[in-house]
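The structure appears right after this line, and notes come after that.
The values are calculated or read from the model by the stated rules, or taken from the named source; none is laboratory data. These numbers were taken from a predicted model, which means no experiment stands behind them. Here the Cβ is made from the backbone with ideal geometry for all residues, glycine too, and neighbour counts use every protein chain on show. Heavy atoms of the whole protein, side chains included, go into the accessibility calculation; ligands, DNA and RNA do not. Shrake-Rupley method; radii C 1.70, N 1.55, O 1.52, S 1.80 Å.
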Amino acid sequence: GTLNAQTLSAYSVPPASVQNQQPLEFDRTSQRTGDAISHANGSTDFILSRPGVYLASFSGTFSPASDTSLPTTLLLNFELNGADLPGAAAQHNFVSSGETQTESFSLLFQVTSGPSTLQVVASGGTFVYSTNTLNLVKLS
């Protein structure tokens, strides 16, 4: 049969800050095919409307906020419907205030019922992030 691609890519360029255990915002949706994945510009939520197997790939640049006490450890992970998706995360220990770090990780995961909400969540303190991208593909 014909493969109907179900994809979405979103990104954020201007620096923004994220508090402990809060999701990252993505300013723009740059690419979308199909209707299984949706995202509103400026939102933290990626809506996966159909059951199946998805691939999520994230990349972003982070630094500690100016009022963050150091050292501090940034932990990034995917959450589906508010629950941690095990098997993929990124972590970095910041020791100086001017430090920046690019983090990336990806994960294959199952959506059992739609609509489900995927978010990228940061923990460990307050961080400034920029040039972040999330690519989502429904594989089956």
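Per residue, how large is the accessible surface of the chain? Use a 1.4 angstrom probe and give square angstrom. Can you show the working numbers first?
On the way: 6810 Å² over 140 residues.
Per-residue value: 49 Å².
In the elastic network of the chain, a GNM with C-alpha springs shorter than 10 Å, the most mobile of 79, 25, 99 is 99. If you plug the beta carbon distance of residue 35 and residue 101 into 1/(1 + (r/R0)^6) with R0 = 35 Å, you get a FRET efficiency near 0.50.
Would the range 30-140 count as rounded, prolate or oblate if I go by the C-alpha gyration tensor, calling it rounded below 1.5 in a/c and otherwise prolate when a/b exceeds b/c, oblate otherwise? Don't skip to the answer; put the middle values down first.
Values: a/c = 2.50, a/b = 2.09, b/c = 1.20.
Prolate.
3J(HN,Hα) along the range 45-62: 9, 10, 9, 9, 8, 10, x, x, 9, 10, 10, 10, 10, 10, 8, x, 10, 10 Hz, from the Karplus curve 6.51 cos²θ - 1.76 cosθ + 1.60 with θ = phi - 60°, whole Hz, x for Gly and Pro. Taking every alpha-carbon pair under 8 Å whose residues sit at least 6 apart, the chain reaches a relative contact order of 40 percent.
With q set to 0.17, 0.19, 0.28 Å⁻¹, the log10 of I(q)/I(0) for the range 11-80, from the Debye formula over equal scatterers at the Cα positions, is -0.76, -0.91, -1.62. For the chain, a Gaussian network of Cα nodes joined below 10 Å ranks 123, 69, 38 by mean-square fluctuation, and the top entry is 69. Rounded to the nearest 20 debye, the dipole size of the chain about its Cα centre is 400 debye, using +1 on the Cβ of Lys and Arg and -1 on the Cβ of Asp and Glu. Model label sites at residue 89 and residue 22, defined 7 Å from Cα along the beta-carbon direction, differ in position by 2.1 nm. When the solvent-accessible area of the chain is split by element, carbon and sulfur atoms take up 48 percent of it, the probe being 1.4 Å.
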